[in-house]
Amino acid sequence: MSSVQSESGNEERGLNPADVQNVRFTRASMMRPGYVDTEVDRVMSRVAEELARHIAEKAALRDEVRALRAHVEGLPVHEAPSDQAVRILSSAQQTADAYVAEAEEFSRQMTSEARTVYEEELRQARETAGAIIQSAQEAAARMTPAGADVPGRSVEELEEQVAYLKAFGSAVRVQLRSYLEALITDVESEWGKADPAALPQGPPRPPAQRSNRDGQPGGATAFSDNTVAQPAEEDVPATAVSHSAV
Amino acid sequence: MDIPAMRANFAKAAATGDEAPLYFYSHLFLSHPETRAMFPVSMAHQRDRLFSALGEVVARVDDLDALVPILQQLGRDHRKFGTLAAHYPAVGASLLATLEHFDDQWSPELAKDWTEAYTLVAEVMVAAADEAAEQPAWWDADVVGHEVRAIDVAVLQLRPRARYDYLAGQSLSLETEVRPRLWRYYSPANAPRPDGLMEIHVKARDGGPVSSALVRRVGVGDVVRLGPPVGHIALHDDSDRDLLLVAGGMGLAPLKALVDQVARRGPARRVDLFVGARNEDHHYDRAALQRLEQENPWLTVTLAVSEDKISSLEQGDVGDVVMRHGPWLSREVFVAGPGPMVDDTVARLREHGVPPQRIHSEVFAPSRPGPSLDGEVTE
């Protein structure tokens, strides 16, 4: 069923992670399909990882046992490593670092290239689809006789009206909002002018917008020399125009 | 303590570039092999960070008021790496050996000063770690949902096994057993929930070992580790100003958490959320946002695309789109996303007249392995 090192005669050696990684299952026949490949692959790679972890743990435990035994026998546990040992480990570490960096760089290149290709294909597919839909609509329009009127208002007319009402609604909402925002800003600034001492010192503890708890007598006079209309009139048309298309 | 002499000595080691940290870690691992498992396979970034951190400590050593909080934070943060009080002397011995190795004029006085200084640093860090001991060093969390939303984006649902307290808008560090000892920062996209579930948005960075693994290898049933929450995007209780939230790319997560907080805890306020992406495919959370908008009449969500000419969404950079709506003068503003997008949006809003103290921003870049000494999470 599989090709685990059965032919090579090293049964002495335990199963290692590479063996698990290298297992290849025979394809199931067309008539009797097997497991989903990706699921099997995932399990196998987890098994390999788990095995690697156990091997590492075993090594760590063996070290610990050795250290404890040395301790019991009264031998020094930690002796300062020699410069030579430090050098050897350092260069081993550098080698490992270089491999990891190389792998990451390779993966970075591969994924970014794959992504570029993917996005380009997708973009082209979208454009093609758009063109097909457009030509289909044109064809449909040609097939429908121009004068075939439905009694009452046509669907197109209704759609047009709906669109108009939507645009009108959103324009009104935008105008109203602009006006309210300007009003709030103005109230805030006039409130500060009328009674600067009431303004918080330094950075902010802004007045709560909708609560009246900060309202004070000076507020009314400040409000009467009203500048609210100005920003509102300036702001509204500009924003409204950019929105009426919604 | 002869601080100038210590600085001169440290400068000699630092001048060797990679050599001194390499020596330090090799020395540490050879004399205490059990510490090796606390570090990732590749030590390249680790070495950079060790000496820059040490350098900052040395630079601030005569300003204890500034140094102590930094060391306390470092001490607390090291708990998640499995650091124990017993590891500190081991590190100290290897540090001294390293400083000695790279200095021809090493003297018993220097050895004594460094021992004293290191003991002090270690004591502060250990004490801070001990104070935090009633909190877990890390939290195990089960992956209970994993949904790939775009070619390189996944939305994960995590359920911590123990109570995990955080604020909407904060970030947390996360480690997966698939990439041991590599911690990366992510922001939950929801406010704390009674059932503890957390939604995490992950974009696989090209060549990024952790993010790619979270998107493509981790699945339901896996376990991840969480570090304590950090970060500064947060709603303050003393204001009920209406909100303007502007997100670019993965900056959506913390802002979505703010929306969630308004929905769960109030106070009632109007919220406008703008989300920018390159094209429609990059709006990986569109359906969820539309659902939120339908459920909450106070919420308006506007999606924008900057490089998708045939999309029916709003066209343009998200900062540009924000300015087409508005005005926003009375709003409390939160901006999160990639650096250029954040800078652009903040500049436009200032020009528009929003007071700077009401604009809060956070740059979402590929996160670095740990917060810097100043507590910044992202680069």
**OP:** Can you tell me which residue among A:Glu64, A:Glu57, A:Glu39 is within 25 Å of A:Asn16 (Cα to Cα) and touching a helix residue (DSSP H, G or I) at 6+ places or on another chain (Cβ under 9 Å)?
**Re:** A:Glu64
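In this structure, is B:Arg163 in a strand (DSSP E or B) and free of Cβ contacts under 8 Å to residues at least 60 places away in the same chain? So that I can check it myself, show each step before the final result.
Numbers: in a strand (DSSP E or B): no; free of Cβ contacts under 8 Å to residues at least 60 places away in the same chain: yes.
Against the criterion (in a strand (DSSP E or B) and free of Cβ contacts under 8 Å to residues at least 60 places away in the same chain), B:Arg163 does not qualify.
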Original post:
Is it true that B:Asp195 is out of contact with any Leu (no Cβ under 6 Å at 6 or more places or on another chain), at pLDDT below 85 and part of a loop (DSSP other than H, G, I, E, B)?
Top reply: no
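With B:Gly196, B:Gly207, B:Gly145 as the choices, which residue is in contact with a helix residue (DSSP H, G or I) (Cβ under 9 Å, 6 or more places away or on another chain), among the small types (Gly, Ala, Ser) and surrounded by fewer than 21 Cβ atoms within 10 Å (Cβ to Cβ)?
B:Gly207
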Original post:
Looking at region A:43-68, which of the residues that are surrounded by 11 or more Cβ atoms within 10 Å (Cβ to Cβ) and more than 30 Å from B:Arg216 (Cβ to Cβ) is farthest from the other protein chains (Cβ to nearest Cβ)?
Top reply: A:Leu68
Original post:
Can you name every residue in region B:220-232 that is under 26 Å from B:Leu292 (Cα atoms) and either surrounded by 22 or more Cβ atoms within 10 Å (Cβ to Cβ) or within 14 Å of chain A (Cβ to nearest Cβ) (or both)?
Top reply: B:Val220
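Can you name every residue in region A:92-112 that is facing another protein chain (nearest Cβ under 9 Å) and within 18 Å of B:Asp206 (Cβ to Cβ)? Let's see the steps before the verdict.
So in region A:92-112, the residues facing another protein chain (nearest Cβ under 9 Å) come out as A:92-94, A:96-101, A:103-112.
Of everything in region A:92-112, those that are facing another protein chain (nearest Cβ under 9 Å) and within 18 Å of B:Asp206 (Cβ to Cβ) turn out to be A:Val100, A:Ala101, A:Ala103, A:Glu104, A:Glu105, A:Phe106, A:Ser107, A:Arg108, A:Gln109, A:Met110, A:Thr111, A:Ser112.
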**OP:** Scan region B:285-299 and give yes if some residue there is closer than 17 Å to B:His201 by Cα, in contact with a Ser or Thr (Cβ under 9 Å, 6 or more places away or on another chain) and not acidic (Asp, Glu), otherwise no.
**Re:** no
Original post:
Between residues in region B:134-145 that are part of a loop (DSSP other than H, G, I, E, B) and residues that are basic (Lys, Arg) and modelled with pLDDT of 90 or more, which pairs lie under 6 Å by C-beta distance while being six or more apart or on different chains?
Top reply: B:Trp138/B:Arg225
Original post:
Which numbered condition trips up B:Ala365, out of (1) farther than 30 Å from B:Phe81 by Cα; (2) not in a strand (DSSP E or B)?
Top reply: (1)
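Given the options B:Ser239, B:Ser171, B:Ser211, B:Ser187, name the one that is within 14 Å of chain A (Cβ to nearest Cβ), closer than 27 Å to B:Arg278 by Cβ and among the polar types (S, T, N, Q).
On the way: B:Ser239 fails: closer than 27 Å to B:Arg278 by Cβ; B:Ser171 fails: within 14 Å of chain A (Cβ to nearest Cβ); B:Ser187 fails: within 14 Å of chain A (Cβ to nearest Cβ).
Of the residues listed, the single one that is within 14 Å of chain A (Cβ to nearest Cβ), closer than 27 Å to B:Arg278 by Cβ and among the polar types (S, T, N, Q) is B:Ser211.
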Subject >> Search result, residues across region B:65-98 that are part of a helix (DSSP H, G or I) and within 14 Å of chain A (Cβ to nearest Cβ) >> reply: B:His87, B:Pro89, B:Ala90, B:Val91, B:Gly92, B:Ala93, B:Ser94, B:Leu95, B:Leu96, B:Ala97, B:Thr98
**OP:** Out of the residues in region A:88-114 that are surrounded by 13 or more Cβ atoms within 10 Å (Cβ to Cβ) and of a type in the set (D, E, K, R), state the one that is farthest from B:Ala44 (Cα to Cα).
**Re:** A:Arg108
Original post:
Of the residues in region B:38-54, how many are part of a helix (DSSP H, G or I) and within 7 Å of chain A (Cβ to nearest Cβ)?
Top reply: 1
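Would you point out which residue out of B:Leu226, B:Leu172, B:Leu182, B:Leu214 is within 26 Å of A:Phe106 (Cβ to Cβ) and either assigned by TED's automatic domain parsing to the domain that holds B:Asp285 or not in a loop (DSSP other than H, G, I, E, B) (or both)?
Numbers: B:Leu226 fails: within 26 Å of A:Phe106 (Cβ to Cβ); B:Leu172 fails: within 26 Å of A:Phe106 (Cβ to Cβ); B:Leu182 fails: either assigned by TED's automatic domain parsing to the domain that holds B:Asp285 or not in a loop (DSSP other than H, G, I, E, B) (or both).
Sole residue among the options that is within 26 Å of A:Phe106 (Cβ to Cβ) and either assigned by TED's automatic domain parsing to the domain that holds B:Asp285 or not in a loop (DSSP other than H, G, I, E, B) (or both): B:Leu214.
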**OP:** Those residues that are modelled with pLDDT of 90 or more, over 21 Å from A:Val100 (Cα atoms) and more than 7 Å from chain A (Cβ to nearest Cβ), I need them from region B:20-37; list them, please.
**Re:** B:Leu28
Original post:
Just to be sure, is B:Lys12 surrounded by fewer than 18 Cβ atoms within 10 Å (Cβ to Cβ), among the basic types (Lys, Arg) and in a helix (DSSP H, G or I)?
Top reply: yes
Original post:
Has region B:52-71 got at least one residue that is surrounded by fewer than 19 Cβ atoms within 10 Å (Cβ to Cβ), farther than 24 Å from B:Glu123 by Cα and of a type in the set (Gly, Ala, Ser)?
Top reply: no
Original post:
In region B:198-208, how many residues are under 15 Å from the mean Cα position of the chain (by Cα) and either aliphatic (A, V, I, L, M) or part of a loop (DSSP other than H, G, I, E, B) (or both)?
Top reply: 2
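Among the residues of region A:127-142, is there at least one that is within 12 Å of another protein chain (Cβ to nearest Cβ), among the aliphatic types (A, V, I, L, M) and surrounded by 13 or more Cβ atoms within 10 Å (Cβ to Cβ)?
Just the residues of region A:127-142 that are within 12 Å of another protein chain (Cβ to nearest Cβ), to begin with: A:127-131, A:133-134.
Retained after the next criterion (residues that are among the aliphatic types (A, V, I, L, M)): A:129, A:131, A:133.
Among the residues that remain, those that are also surrounded by 13 or more Cβ atoms within 10 Å (Cβ to Cβ) are: none.
Looking through region A:127-142, none of the residues is within 12 Å of another protein chain (Cβ to nearest Cβ), among the aliphatic types (A, V, I, L, M) and surrounded by 13 or more Cβ atoms within 10 Å (Cβ to Cβ).
The values are calculated or read from the model by the stated rules, or taken from the named source; none is laboratory data. This is a predicted model, so every value here is computed, not measured. Neighbour counts are summed over all protein chains in view; Cβ atoms, including those assigned to glycine, are modelled from backbone coordinates with ideal geometry.
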